[in-house]
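Asker: Attaching a single structure in structure tokens format; questions to follow.
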Amino acid sequence: MSFLKKLMVTAAFSAAIFVNAAYAENVKIALVVKSLGNGFFDAANKGAEEAAKELGDVDIIYTGPTKATAEAQIEVINSLIAQKVNAIAISANDADALVPALKKAMDRGITVISWDSGVAPEGRQLHLNPSDTNLIGETIIKLAADYLPEGGDVAILSASSTATNQNAWIEAAKKVLPEKFPKINLVATVYGDDDSAKSTDEAKGLLKSYPNLKAIIAPTTVGVVAAAQVVTDQGLIGKVNVTGLALPSEFKKFIDNGASQAVALWNPIDLGYSAVYLAHDLAVKKEEAKPGATLSIGRVGKVTLDDTNSAAMAPPFKFDKSNIEEFSKIY
Ligand code: RAM
């Protein structure tokens, strides 16, 4: 064996010892979602499993409550603390309510990050946004405005009223409305809690209360499907355009039937993959979360933390008749 080869083997061996010294067993990373049974999070979990396989020393615990509430997530967090997981990567139902439970986790040496829907800075080491918040806010309004040249009434059907991500996007959307989309009139914002039945009821309520509604904007993959189904069932295709953030595999039929002209989203598989990558590298102390740090997210690239230890991934993709078929096969 050449000296160089020997050196490389030794280096690899000491790296392995370093990791094993940190954790005698695999690194247990809990991917905690807002609620189970949501196709968006199932896609993120695919990416999480992919990262685990690539990293080689990770076990993923994919978990979350049945209902998208903070109380239910606190129970999940407490049980993960009791199980002594090494890291928690959470999409939060509330930015503040989870902080005490997550602080307790960090006090016990558990690495905590949030992704998708954030936790306040004191409750996590870093937060990974799928994309720039202002860009998403503007995108969801533009998706409606592009198909409403004359303008008109639109309403938002959101997820839960405490969801960090949707609330931030809606706030950003409201900011750009008056200047950039003066003909778009936002008449209401309602909350379907990322629950199909509740989202369906809320969509029906909007159509009843606002007979001149021209678009429903649902920045949630659960709400957007419910709204498009209601518009389809009520024979309102062509009258009310449903748009927002949708998973192509779940939403293709509503682009096909004309209930929607276009929607947008980022790659949820890459998001789950990146969250696990970051949680792992912090847990094994390969990386440290601090403002300005540039952290690797494997095949997806790199992210840089801002002064609140948050980072954002890529711009969202737009899906319409021209490309939804192709994307629906991926996620
Ligand atoms: C739902 C969830 C998730 C959000 C997507 C767009 O699946 O609310 O947090 O990012 O929609």
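Asker: With the checklist (1) out of contact with any strand residue (DSSP E or B) (no Cβ under 8 Å at 6 or more places or on another chain); (2) under 20 Å from Gly137 (Cβ atoms); (3) open to solvent by 10 Å² or more (accessible area, probe 1.4 Å) in hand, flag the one item Gly235 doesn't pass.
Answerer: For Gly235, the exception is condition (2).
Asker: If you don't mind, there's one more thing I want to ask. Would you be able to say whether some residue in segment 244-259 is part of a strand (DSSP E or B) and open to solvent by less than 10 Å² (accessible area, probe 1.4 Å)?
Answerer: There is at least one residue in segment 244-259 that is part of a strand (DSSP E or B) and open to solvent by less than 10 Å² (accessible area, probe 1.4 Å).
Asker: Can Ile113 be described as at negative phi, touching a Phe, Trp or Tyr at 6+ places or on another chain (Cβ under 6 Å) and in contact (Cβ under 8 Å) with a residue 60 or more places away in the chain?
Answerer: no
Asker: Still on this structure: Against the condition in the same structural domain as Gln229 (by TED's automatic domain parsing), within 30 Å of Ile81 (Cβ to Cβ) and not hydroxyl-bearing (Ser, Thr, Tyr), how does Asp201 come out, does it pass?
Answerer: When the stated conditions are applied, Asp201 does not pass them.
Asker: Name every residue in segment 297-331 that is on the phi < 0 side of the Ramachandran plot and assigned to a helix (DSSP H, G or I), in order of residue number.
Answerer: Arg299, Val300, Ile324, Glu325, Glu326, Phe327, Ser328
Asker: Identify the residue in segment 261-306 that is closer than 30 Å to Ile237 by Cβ and under 19 Å from the mean Cα position of the chain (by Cα) and, among all such residues, is surrounded by the most Cβ atoms within 10 Å (Cβ to Cβ).
Answerer: Only one residue tops the list, namely Val263.
Asker: Somewhere in segment 216-228, is a residue of a type outside the set (A, V, I, L, M, F, W, C) and more than 14 Å from the ligand (Cβ to nearest atom)?
Answerer: Of the residues in segment 216-228, the ones of a type outside the set (A, V, I, L, M, F, W, C) are 219-221, 223.
Then drop every residue that is not more than 14 Å from the ligand (Cβ to nearest atom), which leaves none.
No, because not a single residue in segment 216-228 is of a type outside the set (A, V, I, L, M, F, W, C) and more than 14 Å from the ligand (Cβ to nearest atom).
Asker: Could you say whether any residue in segment 100-111 is polar (S, T, N, Q) and within 16 Å of the ligand (Cβ to nearest atom)? Walk me through how you get there before you give the answer.
Answerer: Filtering segment 100-111 for residues polar (S, T, N, Q) gives 111.
Now narrow it down to the ones that are within 16 Å of the ligand (Cβ to nearest atom): none.
No; the residues of segment 100-111 include none that is polar (S, T, N, Q) and within 16 Å of the ligand (Cβ to nearest atom).
Residues checked against (1) more than 16 Å from the ligand (Cβ to nearest atom); (2) not assigned by TED's automatic domain parsing to the domain that holds Asp153:
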{"position": "Val187", "(1), (2)": "yes, no"}
{"position": "Tyr191", "(1), (2)": "no, no"}
{"position": "Val230", "(1), (2)": "yes, no"}
{"position": "Phe251", "(1), (2)": "no, no"}
{"position": "Phe254", "(1), (2)": "no, no"}
{"position": "Gly272", "(1), (2)": "no, yes"}
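Asker: Any residue at all in segment 136-145 that is more than 17 Å from Ser274 (Cβ to Cβ), surrounded by fewer than 18 Cβ atoms within 10 Å (Cβ to Cβ) and over 21 Å from the mean Cα position of the chain (by Cα)?
Answerer: no
Asker: Only one of (1) farther than 16 Å from Leu213 by Cα; (2) surrounded by fewer than 24 Cβ atoms within 10 Å (Cβ to Cβ); (3) among the aliphatic types (A, V, I, L, M) fails for Ala173. Which number is that?
Answerer: (2)
The values are calculated or read from the model by the stated rules, or taken from the named source; none is laboratory data. Bear in mind that the values here come from a model prediction, so they are computed numbers and not experimental data. Ideal geometry is used to build each Cβ from the backbone, glycine not excepted, and the neighbour counts take in all protein chains shown. All accessible areas refer to the heavy atoms of the entire protein, side chains included, with ligands and DNA or RNA removed. Shrake-Rupley method; radii C 1.70, N 1.55, O 1.52, S 1.80 Å.
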